[in-house]
Amino acid sequence: MGNDRIDEIIQKHHGEASALIQILLEIQSEEHWLPREALERVSEKLGVPMARIQHVATFYKAFSLVPKGRHAVHVCMGTACHVRGAQRVLDTVQDVTGVGPGETDLDLKFSVETVNCVGCCALGPVVEINKKTFGKMTPAETADVLKSYE
Amino acid sequence: MACLHSPGDLEKRRNELAARRAAGTPCVSVCAGAGCVASGAAEVIAAFRAELAAAGLAAEIDVKGTGCPGFCERGPVVVLYPEETCYLQVKPEDVPEIVARTLRGKEVVERLVYRDPATGELAVREGDIPFYKHQERLLLGVNIRLDPKSLDDYLALGGYAALAKALFEMTPQAVLDEIKKSNLRGRGGGGFPAGRKWEGSRDAPGDPKYVIVNADEGDPGAFMDRALLEGNPHSILEGLIIGGYTVGAHEGYIYVRQEYPLAVENINLAIRQAEEHGLLGQNILGSGFDFTVTVHQGAGAFVCGESTALMTALEGRAGEPRPKYIRSNLKGLWDRPSVLNNVETWANVPLIINRGADWFTRYGTPGSKGTKIFSLVGKITNTGLVEVPMGMTLRDIVYTIGGGIPGGKAFKAVQTGGPSGGLTSSPRPGR
Ligand SMILES: Cc1cc2nc3c(=O)[nH]c(=O)nc-3n(C[C@H](O)[C@H](O)[C@H](O)COP(=O)(O)O)c2cc1C
Ligand code: SF4
Ligand code: FES
């Protein structure tokens with residue numbers, strides 16, 4: 001991500017330090033992680049010390065300080081999904097992607113996370129891929145859906 | 001649609017809308033809530049549009065994607081007006097038949113209607129479905145009737161009438177008195193009386209003051225705030241503006257958890273529409289009252305639902321809770337008096353102002369008034385969102401509305417109030 005794009009995002013938030021989290025969210029959503037150079041640019045432009053930015057970037061789950069895969073796979077392990085077989089869905093995700101929760105494969109294709117609720121419990125078990133929700137998932141359907149991603 | 005400069009403009013606009021949508025106008029409502037979209041609602045909406053266009057009915061019959069009415073498990077949910085015929089688990093393949101038989105032929109497609117598993121009886125109208133019949137849907141009931149992206153839909157259903165009433169017919173003190181009299185209590189878990197919290201902020205020294213919506217909804221299994229914010233964003237906004245007027249705040253914040261992108265999109269759109277129409281910004285409806293709202297998207301941290309942590313996050317810092325001895329309604333965001341209420345608490349405010357505290361207190365128990373939305377999930381026959389009067393027993397919720405445990409299995413336990421709540425395991429839950 002070039003400095004121009006970062007400056008544009010900062011501009012959109014009127015260069016206000018209180019918008020730090022919103023700015024980092026936009027960078028994260030475009031880059032899938034927060035590269036150090038990007039954080040340095042934000043620090044310089046907002047006048048917020050790097051130490052505070054790093055604190056924010058490690059505190060919130062949405063941010064990553066290491067590169068992430070192109071597709072974010074979130075398996076809901078919340079109560080309602082759990083009682084409806086979320087573990088088997090997670091096992092399938094691990095089989096297909098070769099990585100477990102919190103990990104990214106070497107081709108940077110998939111990053112897998114478990115989450116505690118995506119807010120559509122009536123459809124459990126739920127898997128979200130790049131924010132698209134797939135409900136009432138069976139292991140077989142999970143495998144099919146994952147295979148459809150390039 | 002032009003900017004509204006007075007309550008008269010607002011009423012005129014509402015009358016125009018009402019004239020255009022005379023009672024009896026046919027309309028197809030398809031739930032476009034997160035649950036139904038995951039079950040294919042977008043494809044169903046597209047199929048309706050295409051089929052009606054092909055049948056030459058596109059100009060007569062409106063198709064709208066709406067907010068979640070609560071019966072997500074049987075989605076996509078479709079309701080056909082004016083008959084209120086409700087079809088469940090509708091697939092795009094069903095649409096030609098619905099158009100031909102129901103919209104043209106006025107007959108019911110029985111296969112898509114709710115059938116009582118015990119008696120085999122059909123419930124054709126939405127309100128006849130047992131899942132809904134025993135609820136009191138003061139808040140959720142309108143969701144299926146409005147497109148959350150349309151200000152006109154909200155206005156046609158009486159939207160912003162409470163704001164006009166508060167700004168032009170009531171002093172801030174009168175609004176406060178009404179909220180106190182309604183005994184509205186916080187829906188975010190603590191149950192603190194909203195009126196007393198507001199009064200504390202209003203009386204506290206320090207300017208500016210802030211009003212804040214807590215839409216962090218971090219408890220697993222809960223999605224009632226999501227349904228309100230996604231499905232009826234203007235109602236939250238209207239409540240918040242009224243709150244600002246009451247406590248003397250000119251700035252509001254809406255903190256939305258990161259997992260709810262559609263809620264962020266809909267509330268941002270609602271803010272833009274309200275600004276364009278003079279319902280938000282400078283000199284609202286010509287009243288002289290100014291109010292602006294900023295949306296803050298969360299970045300994932302359960303603790304941010306807690307009030308002081310949420311305010312630190314709004315300031316752009318790591319959201320760690322502050323010591324509790326500082327009351328945030330007196331010293332909150334940027335150390336200023338700040339009223340923080342849950343989404344559902346705010347959603348009740350326009351209702352109370354419109355219909356009065358006496359009406360509101362008819363629902364609920366002596367200690368807790370109004371309704372509460374619960375999300376009913378897990379191993380239960382009917383899952384989804386339910387809205388019931390405060391004080392309804394868990395037994396009634398699980399058995400009468402939820403239809404009991406699938407396969408006639410024994411009831412084991414019910415968890416209430418999220419992980420910070422309790423677990424009830426009596427075989428016959430009393431309440
Ligand atoms: C750990 C923790 C998490 C919380 N999460 C939420 C939440 O997700 N939504 C919410 O409205 N309140 C949450 N609360 C309660 C808030 O601190 C606050 O009391 C509430 O938003 C006030 O609004 P109300 O009076 O309208 O309920 C949480 C509290 C704690 C301690
Ligand atoms: S997605 Fe649904 S089932 Fe899964 S945890 Fe969230 S609310 Fe519960
Ligand atoms: S999302 Fe459609 S009924 Fe809940």
request  = Take every Cα-Cα pair in the stretch B:126-257 and report what % of them are more than 19 Å apart.
outcome  = 58
Segments A:77-85, A:31-39, B:377-385, B:183-191 sorted - mean Cβ within 10 Å per residue, highest first = B:377-385, A:77-85, B:183-191, A:31-39
task = Starting from the Cα of B:LYS180, draw a straight line to each of the aspartates and glutamates and keep only those under 17 Å, dropping any in the same chain fewer than 8 residues away.
result = B:GLU199, B:ASP203, B:GLU344, B:ASP358
inquiry  = Residue by residue through the stretch B:43-50, what is 3J(HN,Hα) from phi via Karplus (6.51 cos²θ - 1.76 cosθ + 1.60, θ = phi - 60°)? Round to whole Hz and write x for glycine and proline.
reply    = 5, 5, 4, 4, 5, 4, 4, 5
task = Would you pull out the residues with amide H under 5 Å of A:VAL115's amide H, same chain only if 5 or more places away, H placed 1.01 Å from N?
result = A:VAL75, A:CYS76, A:MET77
query = How long, wide and thick is the stretch B:40-92, going by the Cα atoms along their three principal axes, in whole angstroms, largest first?
reply = 33, 23, 16
query = Once the principal axes of the Cα atoms of chain A are found, what is the range along each, listed largest first in whole angstroms?
reply = 49, 30, 24
Kirkwood hydrodynamic radius over Cα pairs of the stretch B:42-160, then Stokes diffusion coefficient at 20 °C and 1.002 mPa s, in µm²/s = 142
task = Determine the dipole magnitude for the protein assembly as shown: charges of +1 sit on the beta-carbon of Lys and Arg, -1 on that of Asp and Glu, nothing else is charged, the reference point is the Cα centre, and the result goes in debye to the nearest 20.
result = 1720
task = Post the alpha-carbon centroid distance, the stretch A:1-31 to the stretch B:41-67, in whole angstrom.
result = 39
key: Volume in Å³ per residue [convex hull over Cα atoms, computed for chain B]   = 139
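Partner chain Cβ atoms within 10 Å, averaged over the residues of A:74-83 - can you pull that number for me? Mind showing how you got there, number by number?
On the way: counts 1, 0, 1, 1, 6, 8, 11, 4, 3, 3.
The shielding value for this peptide is 4.
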key: Between the stretch A:90-113 and the stretch B:227-277, the Cα center-to-center distance that results, in Å   = 37
request  = Among B:LEU285, B:SER201, B:GLY248, flag the residue with its Cα farthest along the positive direction of the charge dipole of chain B, charges on Cβ as +1 for Lys/Arg and -1 for Asp/Glu.
outcome  = B:SER201
nm² value of the averaged projected area, convex hull over the Cα atoms of the stretch B:59-123 = 5.0
query = Could you work out Rg/(2.2 N^0.38 Å) for the protein assembly as shown, with Rg from alpha carbons only?
reply = 0.97
Rule-of-thumb Rg ratio for the stretch B:184-248 [Cα; 2.2 N^0.38 Å; N residues] = 1.23
request  = Quick one: which residues, 5+ away or cross-chain, put their amide H under 5 Å from the amide H of A:HIS71? H built at 1.01 Å from N.
outcome  = A:PHE110, A:SER111
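Each reported figure results from applying straightforward, stated rules to the coordinates on display, with no laboratory input. This structure is a prediction, so every number in the text was calculated from the model and none was measured. Note that each Cβ is placed from the backbone with ideal geometry, even for glycine, and that neighbours are counted across all protein chains shown.
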